[in-house]
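Student: My questions will all concern the structure given below.
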Amino acid sequence: MASTVSYMLLLPLLVMVAFAGDLNKDFDITWGDGRSKILNHGELLTLSLDKASGSGFQSKNEYLFGKIDMQLKLVPGNSAGTVTAYYLSSKGSTWDEIDYEFLGNLSGDPYILHTNVFSQGKGDREQQFYLWFDPTADFHTYSIMWNPQRIIFSVDGTPIREFKNSEAIGVPFPKNQPMRIYSSLWNADDWATRGGLVKTDWTQAPFTASYRNFNAEACIWSSGASSCAKTSSTPTSGSGSWLSQELDATGHQRLKWVQKNYMIYNYCTDTKRFPQGLPPECNIS
Ligand SMILES: *[C@@H]1O[C@H](CO)[C@@H](O)[C@H](O)[C@H]1NC(C)=O
């Protein structure tokens, strides 16, 4: 009886440890002179911004494809003028990049979730959204599923954007350059909030954003080769693998729901911006 009780007490503890991960293992703080911290034995990472500086971190690994989840809790209260960026990027002048950027706002006014995809140095593929919850009240999961056929951005498991491989019609797709995860919190009050009208209120500083529960099923790039060993439980062939994952019927429905109700900007419908014609990938759906 006594041993059963202690075993039952121990079990939830072990489960928690297994899920908490250690952000120290996966990330390095790269700038901000002490404004970025990894806390609670690697369970929590915080970035902060004050008038003198922002801060940032990056992943130790480079990835070539992956399904990458992170929970973020954004700067609460009056976050106008601040931008929290969370993205994947390769190096060089013809880089690839997959972006989430969270544009802060006055208390009670909605953040904008800004997304973009760069391939071989070319971006201009912005889509922006409001969220269906307050992203400062709690942690929410922001995911990037990147495989050779498509990139899917998801929030709490709901797909908000799909960028398909359109190489067949001449659009480069990120698939040859390994990318690192980067994140930073900085002041962008020249453009971020209502196009730069609302400035950062420095009396509210320091501004803080928090990260936890990083999870990557990914191919890790090391000395010129990609290894997907960590994903051995999700085979590289078969329908269960993220490497060949696509949206199912429910995913398509959810994506439509978000795009109908929460999308506030789509480069693919901005005919004023592209008088010569919309980018080719916009014509395939
Ligand atoms: C901030 O709130 C205003 C007013 O509701 C809104 O127009 C704007 O899209 C919101 N977000 C940002 C980042 O400006």
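Student: Going through region 62-84 one residue at a time, which ones are surrounded by fewer than 19 Cβ atoms within 10 Å (Cβ to Cβ) and closer than 16 Å to residue 144 by Cβ?
Tutor: Selection gives 69, 71.
Student: For region 96-105, give me each residue that is away from the ligand (no atom under 14 Å from the Cβ) and touching a Lys or Arg at 6+ places or on another chain (Cβ under 9 Å).
Tutor: Listed by number, the list holds a single entry, 96.
Residue-wise test of (1) near the ligand (Cβ under 10 Å from one of its atoms); (2) among the small types (Gly, Ala, Ser); (3) within 23 Å of residue 50 (Cα to Cα).
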residue	(1), (2), (3)
73	no, no, yes
77	no, yes, yes
107	no, yes, yes
111	yes, no, yes
116	no, no, no
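Student: Could you grab me the full set of residues in region 155-171 that are more than 22 Å from residue 141 (Cβ to Cβ) and surrounded by fewer than 17 Cβ atoms within 10 Å (Cβ to Cβ)?
Tutor: 164, 167, 168, 169, 170
Student: I'd like to check something: does region 84-95 contain any residue that is within 14 Å of the ligand (Cβ to nearest atom) and among the small types (Gly, Ala, Ser)?
Tutor: Yes: region 84-95 contains one or more residues that are within 14 Å of the ligand (Cβ to nearest atom) and among the small types (Gly, Ala, Ser).
Student: Next question, about the same structure. Take the residues in region 118-140 that are more than 16 Å from the ligand (Cβ to nearest atom) and under 17 Å from the mean Cα position of the chain (by Cα), then tell me which one is surrounded by the most Cβ atoms within 10 Å (Cβ to Cβ).
Tutor: Looking at residues that are more than 16 Å from the ligand (Cβ to nearest atom) and under 17 Å from the mean Cα position of the chain (by Cα), I get 119.
Taken together, the values in this text are just the output of simple stated rules run on the coordinates, not laboratory data. Computed from a predicted model, the values in this text were never measured in an experiment. Methodologically, a virtual Cβ is constructed for each residue, glycine included, from the backbone with ideal geometry; neighbour enumeration extends over all protein chains shown.
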